[in-house]
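Participant: Once you've had a glance at the structure underneath, I'll fire off some questions.
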Amino acid sequence: MTAANTSFQIILDATEALIQEKGCRQTTLQDIIRSTGLSKGAIYHYVSGKDELLGLVLKSRVEKMNARFTEMVTNPNTSGLDDPLRLISEGMLRSTNHQDVTNKIFIYLLSQMDNPKVAAMVQDAYKFTLETCTRWIDVGKMHKVIPAEVQSAKVAETLVMFMYGMRVQNTIMQEPSQMTVQDLIAFMTRSLG
């Protein structure tokens, strides 16, 4: 990892910790500067403001999940859909929990959609998540564990919509979903069949 990547990861990690502690509205760039020990200029090298940074935290979480997915499906010991679907289901349940930092960010950014810059950022995060999910389905089709006739983009859209719905539901209810990993695996298996 390069020094630039290390600094950026420090910023992302500090942001997540502060949001978990203080919430999105109460966390400021000054808090992040203080927590990281980096200069204001170093922070602004990566982002133009707090909302952009929050969007990058969301995107970073999808990138981490994608790295774990890629590692799993390229492992010669992985066969079939069970392990990848379990990984995705566990990630969905974690990220849709009302206490999860990415869910807090997601809901906060949705509340800021009247700001065109935030709206564009949320749309970008959505598209990135949708494209990543579509690639996962295409990988499954390539490995012949998902039928070739499955419409990757359409099924990915359904799965992302389901996940976003769980985020909102769990935030409204202020409790984790009653869905289990096994429930999500069954739902995704039906969607991919």
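Participant: As a check on your grasp of the helix formula, calculate [θ] at 222 nm for the chain: sum -39500 (n - 2.57) over DSSP H runs of n ≥ 4, divide by the residue count, round to the nearest 500.
Facilitator: On the way: 9 runs with 146 residues, N = 193.
Value at 222 nm, helices only, nearest 500: -25000 deg cm²/dmol.
Participant: Quick one: if you stick a label point 7 Å off each Cα along the C-beta vector at His45 and Leu110, how many nm between them?
Facilitator: The answer from the label model is 3.6 nm.
Participant: Still on this structure, please answer the following. How much length is gained if the chain between Leu29 and Leu130 is pulled fully straight, taking 0.36 nm per residue apart and subtracting their Cα-Cα distance, in nm to one decimal? Present the calculation step by step, with values, prior to reporting the outcome.
Facilitator: Working: separation 101, 0.36 × 101 = 36.36 nm, distance 2.90 nm.
Going from the current span to full extension adds 33.5 nm.
Participant: Next question, about the same structure. Per the Kirkwood formula on distinct C-alpha pairs, the Rh of the range 64-133 is how many angstrom? Present the calculation step by step, with values, prior to reporting the outcome.
Facilitator: Numbers: mean 1/r = 0.0725 Å⁻¹.
Final number for the Kirkwood radius of the range 64-133 is 13.8 Å.
Participant: Okay, next question. Cα-Cα pairs above 14 Å in the range 110-151: how many percent?
Facilitator: On the way: 499 of 861 pairs.
Tail of the P(r) past 14 Å holds 58 percent of the pairs.
Participant: Still on this structure, I have one more. Which value, in Å², gives the accessible area per residue of the chain when a 1.4 Å probe is used on the protein heavy atoms?
Facilitator: On the way: 10360 Å² over 193 residues.
Per-residue accessible area for the chain comes out at 54 Å².
Participant: Hey, another quick one. When the chain is modelled as a GNM with alpha-carbon springs shorter than 10 Å, which of Thr15, Thr129, Thr78 fluctuates the most?
Facilitator: Top of the fluctuation ranking is Thr78.
Participant: How much length is gained on full extension from Thr180 to Asp13, taking 0.36 nm per residue of separation minus their Cα-Cα distance? Present the calculation step by step, with values, prior to reporting the outcome.
Facilitator: Values: separation 167, 0.36 × 167 = 60.12 nm, distance 2.77 nm.
Here the answer is 57.3 nm.
Participant: Of the heavy-atom accessible surface of the chain (probe 1.4 angstrom), what whole percent is carbon and sulfur?
Facilitator: Working: 5790 of 10360 Å².
The C+S portion of the solvent-accessible surface of the chain is 56 percent.
Participant: Farthest toward the dipole's positive end in the chain, which of Leu85, Val118, Phe69, given Cβ charges of +1 (Lys, Arg) and -1 (Asp, Glu) about the Cα centre?
Facilitator: It is Val118, whose Cα lies furthest towards the positive end.
Participant: Of all the stretches in the chain, which is the longest one without any exposed loop site, taking trypsin sites (Lys or Arg not before Pro) in a DSSP loop (any state but H, G, I, E, B) with at most 15 other Cβ atoms within 10 Å? Spell out each step's value before the answer.
Facilitator: Numbers: sites that count: Arg25, Lys144.
Result for the longest clean stretch: 26-143.
Participant: Something else now. log10 I(q)/I(0), Debye, Cα-only the range 1-106, no solvent, q = 0.23 Å⁻¹?
Facilitator: -1.19
Participant: Right, here's the next one. For the range 1-58, what is the largest minus smallest coordinate of the Cα atoms on each principal axis, given in angstrom and ordered from greatest to least?
Facilitator: 30, 20, 18
Participant: Just to verify a number: what accessible area does Ser79 come out at with the full protein assembly present, 1.4 Å probe, Å² rounded to tens?
Facilitator: 90
Participant: Enter the accessible area of Met166 (Å², nearest 10), with the probe set to 1.4 Å and all protein chains included.
Facilitator: 10
Participant: For Ser111, what accessible surface area do you get with a 1.4 Å probe? Give it in Å², rounded to 10.
Facilitator: 60
Participant: When the distances between all Cα atoms of the chain are binned every 5 Å from zero, what whole-number percent does each bin get?
Facilitator: 1, 7, 15, 18, 18, 15, 12, 8, 4, 1, 0
Participant: At Asn5 and Thr70, where each label point lies 7 Å from the Cα along Cα→Cβ, what is the point-to-point distance in nanometres?
Facilitator: 1.0
Participant: Which whole DSSP H helices in the chain pass both tests: a Cα extent of 27 Å or more along the axis and a mean Kyte-Doolittle value no lower than 0.5?
Facilitator: Details: long enough: 3-22 (28 Å, 0.20); 50-74 (36 Å, -0.18); 116-142 (38 Å, -0.04); 152-173 (31 Å, 0.55).
Correct list, ordered by number: 152-173.
Participant: Just Gly49, Gly23, Gly91 to compare: in a GNM of the chain, with alpha carbon springs under 10 Å, which one fluctuates most?
Facilitator: Gly49
The values are calculated or read from the model by the stated rules, or taken from the named source; none is laboratory data. Fair warning: this is a prediction, and the values are worked out from it, not measured in the lab. Cβ sites come from the backbone with ideal geometry, for glycine too, and all protein chains shown count toward neighbours. With ligands, DNA and RNA removed, areas are computed over all heavy atoms of the protein, side chains included. Shrake-Rupley method; radii C 1.70, N 1.55, O 1.52, S 1.80 Å.
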